[in-house]
Structures are given as C-alpha cells and as structure tokens.
Amino acid sequence: MGVRRAAPERGDQSMTAVPDQRATAVRSSDAGQAAQDDLRALFGQSIAVFAALVGPTHVVEAANPAFFAAIGSERARTGITVAELLPELAGQGFLDLLDEVYRTGKPYTGRDARIVLGVGPHAREAFFDFTYEPRRDADGTVTGIRVIGVEITQVKHAQRLMVEHRALLEQIARQAPLTEVLDGMARCIEGLTPERVLVSVLLADADGRHLRHGAAPSLPEFYNEEIDGIATGEGVGSCGTAAYRREPVIVTDIATDPFWVDFRDLAERAGLAACWSMPILARDGGLLGTFAMYHRTPRVPQDTDLALARVFADTAALAIERHRVEQEKAAAEARARAAHEELARAVRAERQLRAEAEQRAAAAAELTERMRDAAATQAARPHPEHCQLGGVQGCSAPARVKIADSWGDSAWGCDTHVEEAILNVRSVFIANEELGGLAAYVNR
C-alpha cells in the first residue's frame, strides 16, 4: 500500500507505445511525462482498458494489453487513428464523443455503453463503463485524450441470463407444457444475443435415430417442416451430426461445409449461413435432442456464445427429462386406471356369470322337479319302452317323460334327452293332462 511502483522503462512490454510519433500533438513537460508514465505503470497489467490518444484525429499513442484484448489482439497496433484501428466504430457515436471532448476539453463518462467490436463473422457485442479524459500540456491546451474503461460485458450478459434463466426454471417447476418452455427458451436466447440469431430445438425419437421439431419460432415454416424427422448420422447437417457424435458441431459457413451438402439449397432458401449445434443429453448420457443457433451471415462463435449454448442445452435437457417423467407418470396412471377398469369389468362379468349360473341352477332344479313329477304322473300311461329322442344314434334308455311342441309334435324320452330338448328346442314343453293331452292339442 505504501510502496509506489516504479515507472517502467521504455522497454517495458506491459504497454504498447510508439515514442516520438506525436506529429500533431504538443510535447508535454517533464511533469506531464511523469504523470503519463505513472498512468502506464498503473494500467500496464490492469484488467481496466487504457489507451492514450494524441491529436485531433485521435492517434493511438499507447494502450495496455486489456485494450487490445478487448478489440482483438490481432489489431494490437499504435501510431494510427482510432478510426483506422476500429473502423466499425463509425456510426456508433464513440468517434463523435472523442471529437467533442477534444474540442471542449470536458471529460465524458459513459455507463453500460454498448459497442459492437469487429466485423463480419468475428463481430461481438460488448459493454463498457468508460471515461474520455482530456490530456493537456503545460499551458492547458488539449493535446489528446485518455480512454479509461472497464468491460462489463460478462456482467451484463450474466444479469440478463440470470433473469431469463430463472423464468425458464420457474416454468419447468410449474410443469408448463414442453412446447411452451422450449419456445420461450428460444425467444429468450434470440433476445439475449447481440447478433441476429435464430434458435432451433429438435427432439430425439425414443430410438434416437431421428430428430423431430421441438421449437424454432423465428425459422421459416417450410424449413421446420423439411427438417422435421431428419436422421441422426455423420454428415447430416449440423444437428444430425451433433446428435450422432454427442458433441457440438460448429459450422461457420453453410455454403462451403460438407455436412450441409444435402441441405444447402434449403438453407439458402431460408437465408441461413451458419449453424452451431449442440446435443441435448440426459443425465445418463442418452440423446434427448439438439440445440442449434443459426445466423444469417457466416459467423465464428465466441466463448460467450458457446457458454450460452451449453447453459440452455442443459436447461432444455432438464425440461425434456421433466416432460418425459411426467409423460411416463401419466402413462403409468392411465395404465393403472385401465387395469382398474378392466378389473371392475371382470368383477361385474363374474358377478353376472355367477347370477346367470345360479339362475340356470335354479331353472335346472325346477326342471328336474317338474320332470320327476311328470314321470310319476305319466308312468301309468302307455308309452314306448325306449327313448325316442336319441336321434340317428338312437337311445336305449327307458322312456319316462312325454314332451310336445306348439306345432303338435310329441315324443317320449329319457330324463337326459328330455332336459336337453327343453333347453335347446324352441317351444318344447312337458305334456300334461291339464292341456287336454296330445289329441286335444291336435284337434284344437
């Protein structure tokens, strides 16, 4: 705390500087140079972004590693203007602010400032808290600007991510429909990413051989219909390959990637140029589906993009597994209900059969009683010796009971055949004297 760090020598690599390249600036006094050296010592290894600009065109005189890391280490150059070093700043307002600070000599402080760094596939969104502070010579004349800032991109993204992620987890906890959760997740990611991104979630079939549409709110409907049901396999686009490999597949340019040979025309019709796909895996490693981020232009993912994809792939896995558990639970409950209903039907049928059996037993007992009475009554009447109801096989049992039908036919039979005839032949009854006998019936 009480030890002051010595100013670095000219050869210190903690700052990138170009000495004696101040053609448009006024040389500082020794005191001013000492202050500048102190700033270099302070920010040389700091995570804070620092750059010293000189002249009205804002030539980059010196900058610390954090500055170049923020804009891209491949652009670590000094001695050129900010506009040349960062051409993407045109139209974002930051160059105008530098001009104003240089002209007025009044510092400017920005909070949560959004800036797009880089162009094309390597462009990224960043957020900074920063200050533009005028540099002055011994006479108080503005000679340049010091840029001091802290990148808060990860903090901003984390804050937004936490809010959206918590909302998704709440949806899952309250057992919202899977389509609702996945659609909300896709829209959430599309809102979180700075560059226009289109999110797709495909769900694996039970056998893991095909992928079905899950959610893709911003992709064209014809594209979703064509992709629905694609096979999982090596070289089957980004998603089919990611599902097959069980690992992320990053395609930065669909127009040239061999994985997209069979889908290139479809992607072109849909206006898609890049696709990063990540498998959605269950806790046991089983395939649940794929999570994909599409771009309209060729694009290389940043670490934050991949981290975001992993977070939401895991969230999707949680939602899908929860949905499957609920489905299995509902199916088990349905099977239990069906089994209970089947058991109830079986019990009812058994009761009905029992009642019918009891009725048949009662009827048989009644019939037996009637036949006994009839046999006793008819025993003295003339009748054939043997049963006449044995059919072509005949029956040698003694004839005991006479039966008749509504058409006037009658015959004598044994107990067994009489009972059989009464049960199976329509309108057969035991003949008795109350009916007047057969002659009375025939001559009615």
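The values are calculated or read from the model by the stated rules, or taken from the named source; none is laboratory data. Remember, it's a predicted structure, so these values are computed and weren't measured experimentally. A quick note on method: Cβ atoms are made from the backbone with ideal geometry, for glycine too, and the neighbour counts reach across all protein chains shown. To get the accessible areas, we keep the full protein, side chains included, count just its heavy atoms, and leave off ligands, DNA and RNA. Shrake-Rupley method; radii C 1.70, N 1.55, O 1.52, S 1.80 Å.
Quick rundown of the values:
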item: Residue in the stretch 367-384 that is open to solvent by 100 Å² or more (accessible area, probe 1.4 Å) and within 14 Å of GLU419 (Cα to Cα) present; result: yes
item: Residue check, GLU74 open to solvent by 70 Å² or more (accessible area, probe 1.4 Å), modelled with pLDDT of 95 or more and among the acidic types (Asp, Glu); result: no
item: Residues satisfying the stated conditions in the stretch 389-408, i.e. free of Cβ contacts under 8 Å to residues at least 12 places away in the same chain and either open to solvent by less than 30 Å² (accessible area, probe 1.4 Å) or under 20 Å from ALA379 (Cα atoms) (or both); result: SER396
item: Helices (runs of 4 or more DSSP H) contained entirely in the stretch 206-278, each with at least 3 residues that are free of Cβ contacts under 8 Å to residues at least 24 places away in the same chain and out of contact with any strand residue (DSSP E or B) (no Cβ under 6 Å at 6 or more places or on another chain); result: 264-270
item: Residue that is of a type in the set (A, V, I, L, M) and touching a Ser or Thr at 6+ places or on another chain (Cβ under 6 Å), where the choices are VAL347, VAL311, VAL325, VAL300; result: VAL300
item: Checklist (1) within 30 Å of HIS213 (Cα to Cα); (2) of a type in the set (A, V, I, L, M, F, W, C); (3) open to solvent by less than 70 Å² (accessible area, probe 1.4 Å) applied to ALA63, failing item; result: (1)
item: Residue in the stretch 191-206 that is surrounded by fewer than 17 Cβ atoms within 10 Å (Cβ to Cβ), of a type outside the set (S, T, N, Q) and at pLDDT 90 or above present; result: yes
item: Selected residue (criterion: farthest from ARG136 (Cα to Cα)) from residues of the stretch 46-81 that are under 43 Å from the mean Cα position of the chain (by Cα) and in a loop (DSSP other than H, G, I, E, B); result: GLY72
item: Looking only at the stretch 297-356, and only at residues there that are hydroxyl-bearing (Ser, Thr, Tyr) and modelled with pLDDT of 85 or more, the one that is least open to solvent (accessible area, probe 1.4 Å); result: THR315
item: Wholly enclosed strands (runs of 3 or more DSSP E) of the stretch 82-175 bearing at least 2 residues open to solvent by less than 70 Å² (accessible area, probe 1.4 Å) and among the aliphatic types (A, V, I, L, M); result: 108-117, 142-151
item: GLY79 being over 30 Å from PRO301 (Cβ atoms), open to solvent by less than 40 Å² (accessible area, probe 1.4 Å) and touching a residue at least 40 places away in the same chain (Cβ under 8 Å); result: yes
item: Residues of the stretch 288-333 that turn out to be more than 12 Å from the chain's Cα centre (by Cα) and either not acidic (Asp, Glu) or not in a helix (DSSP H, G or I) (or both), as a count; result: 23
